[in-house]
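Single-structure report; data block below.
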Amino acid sequence: MRVPAKAFIVTLVSLVTLAFGIAPATAMPEDLSLYEGVAAVQPATPAAQKFSTSENSLESKSLDTLMKMSEFGNNPHNFNVEAAIAAARSEIGTSRATGWSAPGECIVSVIRWVRGAGGANWIGGSDPVSAYTGATRLTIEYAQPGDIVQYESIDYPTSWASGVHTLLIAGVNGDGTFDIVQSNVPGGSGLVTEVKDWSPQPPSGFQTVVWRF
């Protein structure tokens, strides 16, 4: 039976329209470099993180390994600590732009001092845990000049939740306090400051973690 030309054309147009409607859009690849992975502070209640608990999950094993405290608190640094601290102190009183991966953000500033000036092999990932791949995870009592302090969410350790903060230990005092250099305090200022008698005061729901490259 012959199909009328008009009916055939209508059917063909419908099929083409349907095909375009269900075709998936091509996703642009993400840039997961260390700098691009650093975000501005996110809302205080982040979406629940989903982690695989499979024994074969490399991601889970990697996260578990990174979050395990090391017993090697006296391990030496593998970068020029003096150069990193000097670079940090040279910026005290200056301000930079803040926002996604901007130079005034706290962790971006510490990366600039430790990796840029100190030459640390800091090539980690894009969250507050995987960013320290290759570093030794310690508690605050082992902190030495050149160590990095990270306020880490207890419930959402891989989230840039409001309260996350990163700073550089510049000196250890005899009374148990520290000299530190930090950026973006107060938040949004991008201001680099030094505190001579600093002690950890993480926000509620956060813990203090020390990282050593």
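The values are calculated or read from the model by the stated rules, or taken from the named source; none is laboratory data. Model, not experiment: these values are computed from the prediction. Here the Cβ is made from the backbone with ideal geometry for all residues, glycine too, and neighbour counts use every protein chain on show.
Things to note:
- ARG137 passes every criterion in (1) assigned to a loop (DSSP other than H, G, I, E, B); (2) touching a helix residue (DSSP H, G or I) at 6+ places or on another chain (Cβ under 9 Å) apart from (1).
- Of note, VAL195 satisfies the criterion of being part of a strand (DSSP E or B), surrounded by fewer than 21 Cβ atoms within 10 Å (Cβ to Cβ) and of a type in the set (A, V, I, L, M).
- Here the condition is being at pLDDT 95 or above, of a type in the set (Lys, Arg) and more than 21 Å from PHE178 (Cβ to Cβ); of ARG96, ARG112, it holds for ARG96 alone.
- Residues located in the stretch 112-130, provided they are surrounded by fewer than 23 Cβ atoms within 10 Å (Cβ to Cβ) and under 20 Å from VAL192 (Cα atoms): ARG112, ARG115, GLY116, ALA117
- Of everything in the stretch 174-192 that is in contact with an Asp or Glu (Cβ under 7 Å, 6 or more places away or on another chain) and in a loop (DSSP other than H, G, I, E, B), the residue that is farthest from SER162 (Cα to Cα) is THR177.
- Entry remark, the stretch 158-187: residues being of a type in the set (A, V, I, L, M, F, W, C) and touching a Lys or Arg at 6+ places or on another chain (Cβ under 8 Å) number 2 in total.
- Failed item, numbered, when GLY146 is tested on (1) in contact with a helix residue (DSSP H, G or I) (Cβ under 7 Å, 6 or more places away or on another chain); (2) not in a loop (DSSP other than H, G, I, E, B): (2)
- Subset of the stretch 149-173 (residues that are in contact with a Cys (Cβ under 9 Å, 6 or more places away or on another chain), in a strand (DSSP E or B) and among the β-branched types (Val, Ile, Thr)): THR166
- Count of the stretch 73-95 residues which are in contact (Cβ under 8 Å) with a residue 12 or more places away in the chain and part of a loop (DSSP other than H, G, I, E, B): 11
- Scanning the stretch 77-122 for residues being out of contact with any Lys or Arg (no Cβ under 7 Å at 6 or more places or on another chain), of a type in the set (Phe, Trp, Tyr) and farther than 19 Å from GLY187 by Cβ gives a total of 2.
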